[in-house]
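Notes to accompany the following structure.
Here, each number is a calculation from the coordinates, and none is a lab measurement. Owing to the predicted nature of the structure, the values given are computational and were not obtained by experimental measurement. Positions of Cβ are generated from backbone atoms using ideal geometry, with glycine treated the same way; all protein chains shown enter the neighbour counts.
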């Protein structure tokens, strides 16, 4: 990324490639899907709201399709993976939920943020691995956050015990995203696989995360006020998607991309900073083991 600032307009030609984008109906996911499709990719929109997904699919140039995915349900993750039978060149693990004010458990018995942001994506990636490895240069990009710096070593507990702090729980889930992305790259290298795993974060942008009813938007007044205020004061979702798009297409294996200005909250994209815990390979291996146990998904092709 030397010289001029990299933008979505610099994406390579993606004709003939198929991408899966989770959480594609709003925010970073929507902008990611639009840009990938605009550069020739076939995009599979993996979303909870299939009606909104169908509306977006009609906007996309070229070929696209909608598959239902609720990351808060491991049954839904398995159904989604089984419904995708074509080779996949790119998987973008984008969907997420942020800081619900009270601890919420999924039907699988996990804290909502930890399952939606991490466990669901861990399971989906593992179940789609055979489809990814059918292509010559598969890539997996996982979206983290600068909030990963607030994560703790206790993330392997999955936010299930002790006092619930929404910000710490969110930080744990975003730290888990980074640990997963980096460990996936380590395992791909060890297995001699062509798979590339990268990570990205959007900085602080105007997306639906705050207003979502699964997060802080469950507080009625905050849900109403957050949309106009975030759009007024924060960079757009299109700008936030630049990190994801770069990581998904041209960034190096095991890299982490994000904005480089104002403590990584905005500005031109470049290498992003990893917290000491994000660089802890032993913690990553421990989280991987726990994730396998809790999801029942194992990456046999990388064993």
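At q = 0.33 Å⁻¹, what is the base-10 log of I(q)/I(0) for the stretch 94-141 according to the Debye formula with one equal point scatterer per Cα and no solvent? Please give it to two decimals. The Debye formula, applied to the Cα set alone, gives -1.22. A helix-only calculation puts the chain at -12000 deg cm²/dmol for mean residue ellipticity at 222 nm, using -39500 (n - 2.57) for each DSSP H run of at least four residues, averaged over all residues. Using a simple spin-label model with pseudo-atoms 7 Å out from Cα toward Cβ, residue 275 and residue 63 lie 4.2 nm apart. Peptide packing for 122-129, 163-170 was compared via the average number of neighbouring C-beta atoms within 10 Å per residue; ordered from the highest value, the list is 122-129, 163-170.
Computed from the C-beta positions of residue 152 and residue 285 and an R0 of 22 Å, the FRET efficiency is 0.80 to the nearest 0.05. What shape does the stretch 2-54 have by the C-alpha gyration tensor, where a ≥ b ≥ c are the square roots of the eigenvalues, rounded means a/c under 1.5, and otherwise prolate means a/b greater than b/c and oblate the rest? Taking the square roots of the gyration eigenvalues as a ≥ b ≥ c, the stretch 2-54 is oblate. The value of relative contact order for the stretch 8-296, using C-alpha pairs under 8 Å at least six residues apart, is 18 percent. Taking label positions 7 Å along the Cα-Cβ direction at both residue 137 and residue 298, the computed distance is 3.3 nm, reported to one decimal. For the stretch 113-174, the Kirkwood hydrodynamic radius comes to 12.9 Å, computed from all pairs of different C-alpha atoms. Sorting 40-49, 22-31 by their mean Cβ neighbour count within 10 Å, with the most densely packed peptide first, gives 22-31, 40-49. On full extension, the segment bounded by residue 50 and residue 78 gains 8.4 nm, given 0.36 nm per residue less the C-alpha separation.
Were the residues from residue 161 through residue 85 laid out at 0.36 nm apart, the gain over their Cα-Cα distance would be 23.5 nm.
Just checking my list (1) 18.9; (2) 20.8; (3) 20.3 against Kirkwood radius over Cα pairs in Å computed from this structure; which label fits? Recomputing Kirkwood radius over Cα pairs in Å here picks out (1).
To check you understand DSSP bridge types, tell me what percent of the beta bridges within the chain (both residues inside) are antiparallel, rounded to 5. So the antiparallel bridges amount to about 15 percent of the total. Stretched out straight at 0.36 nm per residue, the stretch from residue 13 to residue 190 would grow longer than its current Cα-Cα span by 60.7 nm. Equivalent ellipsoid of the stretch 1-125: semi-axes from √(5λ) of the C-alpha gyration tensor, largest first, are 27, 17, 13 Å.
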